[in-house]
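No lab work stands behind these numbers, since they all come straight from the coordinates. Everything numeric here is computed off the predicted structure, so don't read it as measured data. Here the Cβ positions follow ideal geometry from the backbone for every residue, glycine too, while neighbour counts run over all protein chains shown.
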Amino acid sequence: MWDVPDPLPISTEQRRTLESWIAARNSPQKVVLRSRLVLLASTGMANRRIARDLDTSRPTVILWRQRFLEGGPAALVDDAPGRGRKPQITAQKIKQIVEATLQTKPKAATHWSVRTMAAAQGISPATVQRIWDAHGLEPHRTRRFKLSRDKRFVEKLTDVVGLYLNPPDKALVLCVDEKSQIQALDRTQPGLPMKKGRCGTMTHDYKRNGTTTLFAALNVLEGTVVGECMPRHRHQEFLRFLRRLDREFPPDLDLHLILDNYGTHKHPKVKNWLAKHRRFRLHFTPTSSSWLNLVERWFGKLTDKRIRRGTFFSVEELERAIQEYLEENNKQPKPFVWTATVGEILAKVHRCKAILDTVH
């Protein structure tokens, strides 16, 4: 009777569900097999033929036909209780390992490794790694942060984010900063070029050939950058750069500059110059909040793409490389788009403070 069964009843919605599971790239293979089995059974195909076509056994076909009749597609996903390989690590042991990772430290070390934790818990390093992966634990990694202690944090944050999200009419928003102490480094030995199966190489030691400071202003709207290298980092150089900006942009546009709290930007002579050039309006980021200034993102790209791996025999060569990067950037500029609102940022800051208060 099992070799020529009646067609397995299946609704249109159930058929669509099974077909989507078969087509999905991330479906478990056991679910795909069971789905194919049920679809073939719905055509009235004999159990032995289904088993042969799917390279399985006749009892398996009979089992999953019955499971589908009783529970529908959901019954094909999970195995029955008691089936499958029994776990060798108990839930209590897993909890113990997770708590030890979060709340303790090994002797004479700052954090656990899979091997030290495995030795302490009497299990294999591979098991520790699986448990850490399942719980999102990465003791070997840290991320840096710093909360601003600026008493006017909310006021300054609102001001800067407001410029990004709602820029004023007939004005330009410029993110201005200085990347100081850029070193012209010459490697002590020539590096090897990249080839198949091997990355490029460079020596760990180097020779210093001087430094330069890059003054830069990022046009938030266009993504273009006005930049100039200068030998020092004083209010005199900053005033020189402000005069450059005054010449670069049309005189009928107000210039809103986003800056950090470096003393150069607030020097009395700078303030006197700004008082005579009313179209310049300065907006200061909160202390310890350089992430609010988008030009810092551009500095990061400059370092990664042109400076870090470069070899420079003189400051002049370094400055030429920076100028070349500026020119290429401005040929096809890509602006950074700010999306975070003040409310979202403050909520994240409050969560961080709450966690710190709990820990300490």
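General observations
- Per-residue Cβ neighbour rank within 10 angstrom, fewest leading, 107, 334: 107, 334
- Under Karplus coefficients 6.51, -1.76 and 1.60, residue-wise ³J(HN,Hα) of the stretch 209-222 in Hz, glycine/proline x: 10, x, 9, 9, 10, 9, 8, 9, 10, 8, 6, 4, 5, 9
- When you filter the trypsin sites (Lys or Arg not before Pro) in the stretch 172-211 for DSSP loop state and at most 11 other Cβ atoms inside 10 Å of their Cβ, you are left with 196.
- Expected 222 nm ellipticity per residue - DSSP helices of 4 or more, -39500 (n - 2.57), all of the chain, to 500: -13500 deg cm²/dmol
- Which labelled figure in (1) 90, 59, 47; (2) 99, 55, 51; (3) 60, 46, 46 is Cα extents along the principal axes in Å, once derived from the coordinates: (2)
- Ordered by the count of other Cβ atoms within 10 Å of each Cβ, fewest first, 76, 346, 318 give 346, 76, 318.
- Largest GNM mean-square fluctuation across 13, 248, 178, computed for the chain with C-alpha springs under 10 Å, falls on 13.
- Only beta bridges with both residues in the chain are counted; by DSSP, about 65 percent of them are antiparallel.
- A straight chain from residue 138 to residue 181 at 0.36 nm per residue would run longer than the Cα-Cα distance by 12.1 nm.
- Using θ = phi - 60° and Karplus 6.51 cos²θ - 1.76 cosθ + 1.60, couplings along the stretch 280-287 (whole Hz; Gly, Pro as x): 7, 10, 9, 10, 9, 6, x, 4
- Estimated inter-spin distance, residue 288 and residue 221, nm [label 7 Å along Cα→Cβ]: 3.6 nm
- Qualifying trypsin sites (Lys or Arg not before Pro) in the stretch 1-54, where qualification requires a DSSP coil assignment and no more than 10 other C-beta atoms within 10 Å, comprise 25.
- Residue 165-residue 244 pseudo-label distance in nm [points 7 Å out on the Cα-to-Cβ vector]: 3.3 nm
- Entry note, the chain: relative contact order of 14 percent, from Cα contacts under 8 Å with a spacing of 6+ residues.
- Amide H contacts of residue 210 (H built 1.01 Å from N, in plane; Pro and chain starts excluded): 184 sit under 5 Å, all sequence-distant by 5 or more or on other chains.
- Cβ crowding within 10 Å ranks 117, 194, 230 as 194, 230, 117, fewest other Cβ atoms first.
- Lysines whose Cα lies under 22 Å from that of residue 334, excluding same-chain neighbours fewer than 8 positions away: 170, 179, 301, 305
- Amide H contacts under 5 Å for residue 187, placed H, 5+ residues apart: 207, 312
- Extension reserve of the residue 205-residue 278 stretch, reckoned as 0.36 nm per residue once the Cα distance is removed: 21.4 nm
- Spacing of the two label points (7 Å from each Cα toward its C-beta) at residue 253 and residue 351, in nm: 3.7 nm
- Taking amide H positions as modeled 1.01 Å from N, with prolines and chain starts lacking one, the residues under 5 Å from residue 224 and 5 or more places away or on another chain are 219.
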